[in-house]
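Let me begin by presenting the structure, written as structure tokens, before commenting on it.
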Amino acid sequence: MWGLKSNSESEANCLFSPPMKKLKASNGKSTATHLKKIVDRSCPFYKKIPGTPFTVDAFRYGSIKGCSAYFLTHFHYDHYGGLGKRWSHGPIYCSPLTARLVRMCLLVNPSYIHPLELNTEHVIDGVKVTLLEANHCPGAALIHFRLQDGQCYLHTGDFRASRLMQSYPLLVNHRVNVLYLDTTYCNPKYKFPSKEDVLNYVVRVTKNCLKKQPKTLVVVGAYSIGKESVFLAISKALGVKIYANASRRRVLQSFDWPELSGNLCTQGNDTLLHVLPMSSLKFEIYSLLFSQDPEGLLEALRKSVCSSIGISANRLDLLRDCGQPTGSH
């Protein structure tokens, strides 16, 4: 069982540089090695749930002494990093959708994967564990731990706060003693519109663009998962299919969302709505290269996007960045 650590204790887990060493080169002369930072791979205290043998999103640390259950909040690499087909360090607990992705994409042995239904209390090693919707990406969950002594701990993973969360019965009825909080945008300077307002804006801009340029290609940049609400909203509003490559279609179909899987298509020429990896949208690079040549910038973007999705550049009349914060934190 682990307890809470003070700041001074946590500072022990840090990067350090070894002293410069002198080595003999092949010609007999001395040469200095480069300074290298060595990462201490011991699990930090904030990934351990006090009073339990549990860790959260701590897979990159391998086998953790004293840990009997490894929890995963959602399927983004900075949280599942360390998981793979060789994983054998202990059971993995996560939402059913995340469990499917862990098995399908990371090839983790199914015997280690234990899906937990959301909004259902599960007892694991004497601790009551409940997963709650995190409003982040598909399958993402807040994890609530209630110990036998009544202490409650909430680990948010990555989440996007919403008014609905204030009415979660578990959070209303049980005081949270320790909160592990996603602070990605925890700064007053960030004031994002609601997800509903963003989706309405994206749909409105898309429709306006299509009125002016009917041959406009609508491209949504996305990571492995997390922007489904954006391209699904556009698809519904326009009544068009969604094109994505085979690997992304496989992931999207695993969600078991009929309204999404039923709107996917396999040929890019069959629809004006395409989903591309973020890495394919090289706006920043081209803006530097063509900063003095707007027409050159547009043509470069046209070629980049069309090359990525395998269609002719003459199908793309207009490319526009809607500039709305569609983040999930």
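Which order results if 189, 48, 236 are arranged by neighbouring Cβ count within 10 Å, fewest first?
Fewest-to-most ranking of 189, 48, 236: 189, 236, 48.
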Could you tell me the distance between the Cα centroids of segment 89-148 and segment 170-220, to the nearest Å? 25
To make sure I understand, if each residue's beta carbon is the centre and we count other beta carbons within 10 Å, what order do 102, 127 fall in, fewest to most? 127, 102
Show me the chymotrypsin sites (Phe, Trp or Tyr not before Pro) within segment 163-245 that DSSP assigns to loop and that have at most 13 other Cβ atoms within 10 Å of their Cβ. 190, 223
Segment 45-180 - share of DSSP beta bridges that are antiparallel (%, nearest 5): 55
Give the order of 227, 65, 47 when sorted by the count of other beta carbons within 10 angstrom, beginning with the fewest. 65, 227, 47
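Computed from the coordinates by the stated procedures, all read-outs in this text should not be read as laboratory data. Just so it is clear, the model here is predicted, and its values are computed rather than measured. Quick reminder, even Gly has a Cβ in these numbers, built from the backbone with ideal geometry, and neighbours come from all protein chains shown.
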